[in-house]
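> Provided herewith is a single structure, encoded as structure tokens, for subsequent inquiry.
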Amino acid sequence: MTPGTYASLKEGGPSEAVTGPGYPAWSEVGHTLDTLDGMTSHKTTQTMKPATAAKKLGVYLEATPAEFQEGVVSRDELNSLQADPPEWLRELRRTGPHPRPVVAAKLGISISGLARGGISDPLTTDQIQDLKAEDPDWLQRERATQAEVQREEERLKATEPRRPRSGPQFRRGR
């Protein structure tokens with residue numbers, strides 16, 4: 001059979017062209033795959049903005065050193081910072097100022113609860129401890145709300161029917 005044509009039902013008979021008039025059959029087109037020879041398989045370094053890296057590290061960006069804020073962070077650098085944090089990162093995690101998700105977690109409330117309580121700025125560890133010691137009414141209410149939400153999520157998870165696994169690795173007969 002000639003490339004670019006349909007197979008004939010008759011042995012040895014002519015084949016009908018697949019390509020329209022004026023177009024060369026695919027086999028007559030230059031060596032298309034040769035154009036891929038110049039491409040090399042190289043791994044590009046994945047980078048992220050400082051704000052993204054700070055979020056992944058759980059620190060407040062504005063409290064990080066200037067060189068961290070002004071550059072880009074590679075995935076390898078982020079992994080290195082997570083595995084072996086430098087002193088500035090350990091100190092930030094220990095004393096703050098902390099971003100809202102960290103403040104909310106330390107207080108045992110949601111980020112929305114922080115906003116309802118009038119907290120919009122980052123807090124230091126000492127400020128968080130003072131707030132816990134004061135235990136204002138809004139914080140008590142938000143902790144109760146958060147506990148109720150967690151209980152409801154656990155209840156739903158317990159009553160949710162277990163879904164069968166899907167995907168090719170779980171199909172029988174393959």
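> So which residues in region 62-76 are closer than 15 Å to residue 48 by Cβ and touching a residue at least 24 places away in the same chain (Cβ under 8 Å)?
64, 72, 73, 74, 75, 76
> If I ask for residues that are closer than 16 Å to residue 101 by Cβ and part of a helix (DSSP H, G or I), which ones from region 111-126 would you list?
Those that are closer than 16 Å to residue 101 by Cβ and part of a helix (DSSP H, G or I): 111, 112, 113, 114, 115, 116, 125.
> Say whether the condition of being part of a helix (DSSP H, G or I), over 29 Å from residue 52 (Cα atoms) and either assigned by TED's automatic domain parsing to the domain that holds residue 58 or free of Cβ contacts under 8 Å to residues at least 12 places away in the same chain (or both) is met by at least one residue in region 91-98.
No, region 91-98 has no match at all.
> Tally up the residues in region 110-126 that are modelled with pLDDT of 95 or more and either assigned by TED's automatic domain parsing to the domain that holds residue 51 or within 18 Å of residue 141 (Cα to Cα) (or both), please.
Matching residues across region 110-126 total 0.
The values are calculated or read from the model by the stated rules, or taken from the named source; none is laboratory data. This is a predicted model, so every value here is computed, not measured. All Cβ positions, even for glycine, are placed from backbone atoms using ideal geometry, and neighbour counts span all protein chains on display.
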